[in-house]
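Here is the structure we will look at, set down as structure tokens.
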Amino acid sequence: MISHKHKFIYIHIPKCGGCSLKDYLRKHCPDKRQNTQHNSLGAVLKENSKDIQDYYKFTFVRNPWCRLVSLYYFWFSQTQKSVFYKWDFKQVDFIKDNGLSFIDFIHVTNSNDSVFHQKPHLKPYIGFFMDDPSSFDFIGKIENYQEDFGIICDKIGVPKEQIPHSNRSKHKHYTEYYDDEARSIVAEKYAKDIEYFGYKFGE
């Protein structure tokens, strides 16, 4: 999402509070916007004019173990009629048609030839959404969502309000869904993210 009036670029990483955030920003930033849905910061900068290079760049991240539980239950709850994005049909159908448990889901998504392989929802932050995290002016954490969003509001000049959490998936605490092997798969796949942002399982 790009606002020329408020001079910011927001990179929406899936299952990191982005739908709630974009709804709020649309309300307060009625100027011309460009769709940057799930793109990397590098791609957005490359595809747009040099005039946006100095815009305030921000995004949100989330504990990867938690992010995958949220994603699984989001897709699991969808139907062909209610699916949030039409391009999620294959993933929703695959989970339901094959009766995938969460543990199955982790194993299948770890395969390079699965229906999930190219989905940005499963991509690591570093190496896909950001080549270099330092290229962002601010990276908030969904675990500190409201406070971090307040920092962003101050920078881009929009009111600070409590953001309702839309598109929330219903599930228990993420730690209750993992066995040791699934936990290790996520730790390996998202190792750079976990190290850079200081995430730990159970926190």
Q. Only one of the listed values, (i) 17.8; (ii) 20.9; (iii) 18.5, was derived from the coordinates as Kirkwood radius over Cα pairs in Å; which label is it?
A. (i)
Q) Ordered by residue, what ³J(HN,Hα) values in Hz, to whole numbers, does region 47-53 give under the Karplus form 6.51 cos²θ - 1.76 cosθ + 1.60, where θ = phi - 60° and Gly and Pro are x? A) 7, 10, 5, 5, 5, 9, 4
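Only helical DSSP H runs with n ≥ 4 go in: add -39500 (n - 2.57) per run for the chain, normalise by residue count and round the 222 nm mean residue ellipticity to 500 deg cm²/dmol.
Working: 8 runs with 78 residues, N = 203.
Only helices count here, giving -11000 deg cm²/dmol.
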**Q.** Whole-Hz couplings from phi, Karplus 6.51/-1.76/1.60, listed for region 156-162; x for Gly and Pro
**A.** 9, x, 10, x, 8, 9, 5
Q) What accessible area per residue, rounded to a whole number of Å², is obtained for the chain using a probe radius of 1.4 Å? A) 52 Å²
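At a 1.4 Å probe radius, which order do Lys96, Lys155 fall into by accessible area, largest first? Let's see the in-between values first.
On the way: Lys96 85, Lys155 140 Å².
Largest accessible area first, the residues go Lys155, Lys96.
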Q) From the phi of every residue in region 129-140, what ³J(HN,Hα) in whole Hz does the Karplus formula 6.51 cos²θ - 1.76 cosθ + 1.60 yield, where θ is phi - 60° and glycine or proline is x? A) 7, 8, 6, 9, x, 6, 6, 8, 7, 7, 10, x
Q) Just the accessible area for Val108, please: 1.4 Å probe, Å², rounded to the nearest 10? A) 40 Å²
(Q) Quick query: amide H of Lys57 versus all other amide H atoms, modeled in the peptide plane; which residues come in under 5 Å with a sequence gap of 5 or more or a different chain? (A) Ile9, Asp137, Phe138
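The values are calculated or read from the model by the stated rules, or taken from the named source; none is laboratory data. Owing to the predicted nature of the structure, the values given are computational and were not obtained by experimental measurement. Side chains included, ligands, DNA and RNA excluded: accessible areas come from the protein's heavy atoms. Shrake-Rupley method; radii C 1.70, N 1.55, O 1.52, S 1.80 Å.
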